[in-house]
1. Holding the Cα-Cα limit at 26 Å, pick out from Lys283/Lys349; Lys104/Lys283; Lys283/Lys355; Lys25/Lys248 the pairs that are longer than that.
2. Counting Lys +1, Arg +1, Asp -1, Glu -1, what net charge surrounds Leu604 among other residues with beta carbon under 10 Å of its beta carbon?
3. Angle between the Cα long axis of helix 186-195 and the longest principal axis of the chain, 0 to 90 degrees, nearest 10?
4. Can you spot the aspartates and glutamates whose alpha carbon is less than 16 Å from Lys484's alpha carbon? Ignore those fewer than 8 places along the same chain.
5. Once the Cα gyration tensor of segment 319-472 is found, what semi-axes does its equivalent ellipsoid get, as square roots of 5 times the eigenvalues, in whole Å, sorted largest first?
6. For segment 458-545, give me the percentage of DSSP beta bridges that are antiparallel, rounded to the nearest 5 percent.
7. Over segment 496-629, with every protein chain in place, what whole percent of the accessible area is carbon and sulfur at 1.4 Å, could you tell me?
8. If the chain between Glu552 and Ser263 were fully stretched, how many nm would it gain, using 0.36 nm times the residue separation less the Cα-Cα distance?
Amino acid sequence: MEENILELVRSPEDIRGWSVLQLEKLAAALRQVIIETTAQTGGHIGASLGTVELAIALHYAYNTPTDQLIWDIGHQAYAHKLLTGRYHAFGTLRQLNGLSGFLKRRESEYDVWEAGHASTALSAAMGMAMARDLRKQRYQVVAVIGDGALTAGMAWEAMNQIGQSKTNLVMVVNDNSMSIAPNVGAFSHYLTELRSAPAYTRMKQEVEQLLDSVPVFGGSIRKTLEKTKDVLHHAVLPRNVFEELGFKYYGPIDGHNLSDLISVLRNAQSVEGPVVVHVITQKGHGYLPAEQRPGEFHGPGPFEIQSGQFIKKRQPPSYSEVFSQTLIDMARVHPEIVAITAAMPDGTKLDMFQKVFPDRFFDVGIAEQHAVTFAAGLAVGGMRPVFAVYSTFLQRGYDQVIHDVCHQDLPVIFGIDRAGLVGADGATHQGVYDISFLRTVPHIEIAMGKDEVELQQLLQGAWDRPHPVALRYPRGATRGLDLKQPPSPLVWGTGEWLAHGRDVTIVALGPLVYQALAAREMLQGEGYDVGVVNARFVKPLDTALMTAVMAETQAVLTLEEHAIAGGFGSAINEWANQAQVTVPIFNAGLPDEFIDHGSVDYYLNLYELNADGVARRVREWLPLKKTAEK
Ligand SMILES: Cc1ncc(C[n+]2csc(CCOP(=O)(O)OP(=O)(O)O)c2C)c(N)n1
Ligand SMILES: CC(=O)[C@@H](O)[C@H](O)COP(=O)(O)O
Ligand SMILES: [Mg+2]
């Protein structure tokens, strides 16, 4: 039986003496494991197949983990995981208590930087390089960043500092001309030009050879000639943007050619100052369906390897689809509506909007801060911008929400997608902070419907609001309800008293309303008299409804799939405190800790936010007496 080459690799040290042929075999084995595993677990297969050779070459050429290797985002680092002692655990990828889909410092000493959000690698690398220099240590710092991540301002802020500093730092640009969707923007076009001009490197090499062949002598003649060579360099050689910023540029290099990669990376080590190594890779390389459909294979769920078909149950439309379809219907009537995404046209389903209204759709790249202020500008100009953004990524644009949108009280609609737990992406991606960080800001109104019908109604209602509005909706499938076009209107700012109950009233936000109703069913059978309110609004709170509830019930349990600190329950507490409500209020939400990868259902159960958990809470710790026992 043929030996499994991956069994030989317990750490990168094991491959450092290998021949290119052996390394190529290793690359093939890594690809096979990545395909076979992600076919079961789902995950970021496309990006990770694209960096197999790069990961091998980096660990081969550098002395990791002493040399610090930073992967931007970390979704493309499966080969890095497999090379750094995690082959046997790889089957647990993105599963509860298993390997993270991103890099984690607690998982490996080779994971020197944790991320999940894009474009942090260069700032982190600069920090590490400065720390090294200040502490007079000797190790290399290498950051791998994608072309998509280079659309973010943060990356440029870092380059601005790195280029000036002249510190030793290698920036590997992993250019596959893809973000999740095809990459966008002027810089992406620039990279395309740079990529399609291998003549650049050749010509540069030839000119450099020519200049180097000019003999130099000692003393002042030497100095003069050196100076002349310098001037000639600048006059004859075109300088690209990286060079203008102070980096030495190597590229473009075939990112699937191991010997080229290794020799360039080795060369880069001996260069003084910051270096860019521009590597051209193919997303999904080595697995045809992923090469052909790179967008779909960016981060799919399980799939069938042979056919490349996704294994999906038939499901009702997702919340994102309902949001986008409703927006399309509204945009047909209101020509002022425009839609914005920050590199997530597929995830937010705004790609549906793009198909119908290509001129009223904007993908600004991984640039959430810009997207928010761009929306503010559009609003000032008389348009009605809708920025659909994952809750977690809106964190990037917080100052812009406060300073540019809310401060000017502009009618920007934020479609806050993936609000709540997200499952396999884990801690960096949970959408569980937006209520806390948004509700402190004046003018903004925040709502979350219990289902897709209410999402439609709320989006429709947001159109009439003269203020910023944040509409939250979760990841995944809706309840499959019958949707009307146009939806029947609801009264803005009102909740819904679904059931009256004297012992306790559960005031729930979003789809957890259905868990509250199910808990009520259980508890009523046990003699508790349980009420349920669908809060719908976090801001403004429906205080009239809450006042009426407090007059009728012995206790209130607030329920939300959001951090308990500063969330919806806190809003109720603040109001109750001001209104001098004496009814005890208990808050159920997510604890003050980062919540790892694992299914949403698992965590809802763990934190007693599902029907069973809510019923347990009522039985165990609410200071209640069943009405039946009184
Ligand atoms: C701040 C932020 N916005 C959006 C995303 C979602 N996202 C994850 S990967 C990705 C594409 C990144 O493209 P690139 O850096 O070129 O890496 P590739 O996947 O092509 O290897 C995007 C938009 C994110 N992780 N972080
Ligand atoms: C790495 C990253 O940030 C995205 O690829 C994210 O994983 C997408 O999440 P969804 O699967 O919820 O669209
Ligand atoms: Mg890319």
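1. As for pairs spanning more than 26 Å Cα to Cα, those are Lys25/Lys248.
2. Overall, the nearby charge balance is -4.
3. The angle comes out at about 30 degrees.
4. Glu321, Asp329, Asp451, Glu452, Glu454
5. 20, 18, 16
6. For segment 458-545, the DSSP antiparallel bridge percentage is about 40.
7. That fraction is 49 percent.
8. Full extension of this stretch gives 96.5 nm more.
The values are calculated or read from the model by the stated rules, or taken from the named source; none is laboratory data. Please read these numbers as outputs of a predicted model, since none were measured by experiment. Glycine also receives a Cβ, built like all others from the backbone with ideal geometry; neighbour counts cover every protein chain displayed. The accessibility values were calculated without ligands, DNA or RNA, using every heavy atom of the protein model including side chains. Shrake-Rupley method; radii C 1.70, N 1.55, O 1.52, S 1.80 Å.
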